[in-house]
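Asker: Below you'll find the structure I mean.
The values are calculated or read from the model by the stated rules, or taken from the named source; none is laboratory data. Computed from a predicted structure; not experimentally measured. Don't worry about glycine lacking a Cβ; one is built from the backbone with ideal geometry, like all the others, and counts go over all protein chains shown.
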Amino acid sequence: MVPLLDLTRENNPLLDEIKAAIEPLLSGSQFILGKAVDDFEAAAAAYFGVKPEQAIAVSSGTDAQLLALMVLEDTMLSTTSADKRTECVTSPFTFFATAGVIHRAGMRIRFADIDPRTFNIDPLKAREAVTNNTKALMPVHLYGQSADMDSLTTLAQEKNLVLIEDAAQAMGAKYKNKPVAAIGDMGEVSFFPTKNLGAFGDAGMLIVRNEKFVEKARRVRVHGMKNRYEHLEVGGNFRIDAIQAAVLSVKLKHLNTWHEMRRANAALYRKLFASLDLAGRIILPYEEANAYHIYNQFIIRVPSANGGADQRDALKKFLDDRQIGNMIYYPTPLHLQPCFAYLGYKNGDFPESEKACNEVLALPIHSHITHDEITQVVEAIAQFLKSGK
Ligand SMILES: Cc1ncc(COP(=O)(O)O)c(C=O)c1O
């Protein structure tokens, strides 16, 4: 048995320190914002190389993304009819939240297909998707690897788009040595417990690199409030709990070590797989030369001759039967989700995303997985390949 993820191995050695950090908050009944949040924002800002006020800790990654869009002009309540909506271009091969927040912000979602090697938005396809109504571009750094930020930054500058990075899965990942989330105008990270930096509940952060958005973003976190009970705009309640900030401050000190552990695990997978004859039946993750991949997920592709999901699903069942953790992120592209039928997309519109949904499979890669466990995963896959299934 190999679990896909075992959070206790990472969290439990830190529990004494975490409890000590939380205790004064409990005894002082300080639960929302306050010093623990200020301290965490300062530490995270240093991590991203921005000023403390540019690191805004919030209630979840989703809320950080929604907050980013609410900071823009011409979104939310200012839109009246569908054809007048401003648009945000993003990938259909991502977690639901990415597109969900665009819809909720009152913008029209325009999808653009992915680069099949990195699973991230293809800058040429993104360019084709831009229209006169496009206001924002939201690339996702999927699985912990940066999108092609040079091309996307050029596109955003040329077309006057606000560049908002979805770095939910990628805090600490880099593009040409720059930390993602702090490259575009704004960038969001998630501290959902399974992320490389995980809270003890929901939490997230918006990095506002473009200083012109900072004040408004801080206000919109708390109902657009400037002075007490004076509201300049309609915001939300996106505040982070002080307890989560205290947990994250303790864990942040270990984040870069955990990234390196995950990268060493990825290297071990590559080494062990190198001794098998994969014959194109398993494709290992591609590492972009300009990107420092933090392996929130280690994603293999399992292609089927007919372009469908049979081979991937057969391997999934084979691993499930042997209690080897695995997961499909994500089985359905967002343009085919029932709630987005109103956009009018159909099967075949984004072939690379659709193919990826049929082929991807995540293997266990968490920081504390053992050499023996990784060997078991690879041996099980070797058996599958031999079994002729
Ligand atoms: C790509 C992506 N975007 C956004 C989110 C939303 O983050 P959260 O779960 O913290 O709201 C996630 C979380 O899994 C994600 O993977």
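Asker: Here is a list: Leu248, Leu268. Which entry is closer than 20 Å to His368 by Cα, assigned by TED's automatic domain parsing to the domain that holds Phe200 and either under 24 Å from the mean Cα position of the chain (by Cα) or at pLDDT 95 or above (or both)? Break it down into steps so the answer makes sense when it comes.
Answerer: Details: Leu268 fails: assigned by TED's automatic domain parsing to the domain that holds Phe200.
Exactly one residue qualifies, and that residue is Leu248.
Asker: Now for a separate question. Considering only the range 225-243, I want to know if a residue exists there that is of a type in the set (Asp, Glu) and either in the same structural domain as Val378 (by TED's automatic domain parsing) or in a loop (DSSP other than H, G, I, E, B) (or both).
Answerer: First, the residues of the range 225-243 that are of a type in the set (Asp, Glu): 230, 233, 241.
Still in the list and also either in the same structural domain as Val378 (by TED's automatic domain parsing) or in a loop (DSSP other than H, G, I, E, B) (or both): 230, 233.
Yes, the range 225-243 has at least one match.
Asker: Within the range 198-232, can you find the residues that are more than 16 Å from the ligand (Cβ to nearest atom), touching a Leu at 6+ places or on another chain (Cβ under 9 Å) and farther than 19 Å from Val50 by Cα?
Answerer: Within the range 198-232, Val220, Val222, Gly224, Met225, Lys226 qualify.
Asker: For the range 66-78, check the following and say yes or no: at least one residue is among the acidic types (Asp, Glu), at pLDDT below 95, part of a helix (DSSP H, G or I) and out of contact with any strand residue (DSSP E or B) (no Cβ under 7 Å at 6 or more places or on another chain). Lay out the reasoning, then the answer.
Answerer: Filtering the range 66-78 down to residues among the acidic types (Asp, Glu) leaves 73-74.
So of that shortlist, the ones also at pLDDT below 95 come out as 73-74.
Restricting the remaining residues to those that are part of a helix (DSSP H, G or I) gives none.
Checking the range 66-78: not a single residue is among the acidic types (Asp, Glu), at pLDDT below 95, part of a helix (DSSP H, G or I) and out of contact with any strand residue (DSSP E or B) (no Cβ under 7 Å at 6 or more places or on another chain).
Asker: Of the residues that sit in the range 40-57 and are under 18 Å from Phe238 (Cα atoms) and charged (D, E, K, R), which one is nearest to the chain's Cα centre (by Cα)?
Answerer: Selected residue: Glu41.
Asker: Right, something else. Taking the criterion of being of a type in the set (Asp, Glu), modelled with pLDDT of 95 or more and either in a loop (DSSP other than H, G, I, E, B) or touching a strand residue (DSSP E or B) at 6+ places or on another chain (Cβ under 7 Å) (or both), would at least one residue in the range 275-287 satisfy it?
Answerer: Initially, the range 275-287 is screened for residues of a type in the set (Asp, Glu), giving 277, 287.
Next, only the ones that are modelled with pLDDT of 95 or more stay: 287.
Okay, now just the ones that are also either in a loop (DSSP other than H, G, I, E, B) or touching a strand residue (DSSP E or B) at 6+ places or on another chain (Cβ under 7 Å) (or both), so 287.
Checked against the condition, which is being of a type in the set (Asp, Glu), modelled with pLDDT of 95 or more and either in a loop (DSSP other than H, G, I, E, B) or touching a strand residue (DSSP E or B) at 6+ places or on another chain (Cβ under 7 Å) (or both), the range 275-287 yields at least one hit.
Asker: Now, a different point. Being in a helix (DSSP H, G or I) and either within 16 Å of the ligand (Cβ to nearest atom) or at pLDDT 95 or above (or both) is the requirement here; does Thr94 meet it? Give the derivation first.
Answerer: Details: in a helix (DSSP H, G or I): no; either within 16 Å of the ligand (Cβ to nearest atom) or at pLDDT 95 or above (or both): yes.
Answer is no for this residue.
Here is a yes/no grid of residues against (1) surrounded by 14 or more Cβ atoms within 10 Å (Cβ to Cβ); (2) more than 30 Å from Gln65 (Cα to Cα); (3) free of Cβ contacts under 8 Å to residues at least 60 places away in the same chain; (4) not hydroxyl-bearing (Ser, Thr, Tyr):
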residue	(1), (2), (3), (4)
Phe238	yes, no, no, yes
Ile243	yes, no, no, yes
Val250	yes, no, no, yes
His254	yes, no, no, yes
Trp258	yes, no, no, yes
Met261	yes, no, no, yes
Asn265	yes, yes, no, yes
Ser275	no, yes, yes, no
Gly280	no, yes, yes, yes
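Asker: Take the conditions outside the structural domain of Phe191 (by TED's automatic domain parsing), part of a helix (DSSP H, G or I) and buried (at least 18 other Cβ atoms within 10 Å of the Cβ) and apply them to Arg312. Does it pass?
Answerer: Values: outside the structural domain of Phe191 (by TED's automatic domain parsing): yes; part of a helix (DSSP H, G or I): yes; buried (at least 18 other Cβ atoms within 10 Å of the Cβ): yes.
Yes; evaluated as a whole, the condition is true for this residue.
Asker: Being within 16 Å of the ligand (Cβ to nearest atom) and assigned to a helix (DSSP H, G or I) is the filter here, so list the residues in the range 97-123 that pass it.
Answerer: Scanning the range 97-123 gives Ala97, Thr98, Ala99, Gly100, Val101, Ile102, His103, Arg104.
Asker: Return yes or no: is Val214 among the β-branched types (Val, Ile, Thr), at pLDDT 95 or above, outside any loop (DSSP other than H, G, I, E, B) and under 16 Å from Asp63 (Cβ atoms)? Before the answer, list the steps.
Answerer: On the way: among the β-branched types (Val, Ile, Thr): yes; at pLDDT 95 or above: yes; outside any loop (DSSP other than H, G, I, E, B): yes; under 16 Å from Asp63 (Cβ atoms): no.
The answer is no for Val214.
Asker: Can you tell me which residue within the range 124-138, out of those that are within 18 Å of the chain's Cα centre (by Cα) and away from the ligand (no atom under 12 Å from the Cβ), is farthest from Leu334 (Cα to Cα)? Write out each step before concluding.
Answerer: Step one: filter the range 124-138 for residues within 18 Å of the chain's Cα centre (by Cα), giving 136-138.
Then drop every residue that is not away from the ligand (no atom under 12 Å from the Cβ), which leaves 136-137.
Working: Ala136: 18, Leu137: 16 Å.
The residue in question is Ala136.
Asker: Of everything in the range 18-45, what is more than 10 Å from Ala246 (Cα to Cα) and of a type in the set (Gly, Ala, Ser)? Give them in sequence order.
Answerer: Answer for the range 18-45, where residues must be more than 10 Å from Ala246 (Cα to Cα) and of a type in the set (Gly, Ala, Ser): Ser27, Gly28, Ser29, Gly34, Ala42, Ala43, Ala44, Ala45.
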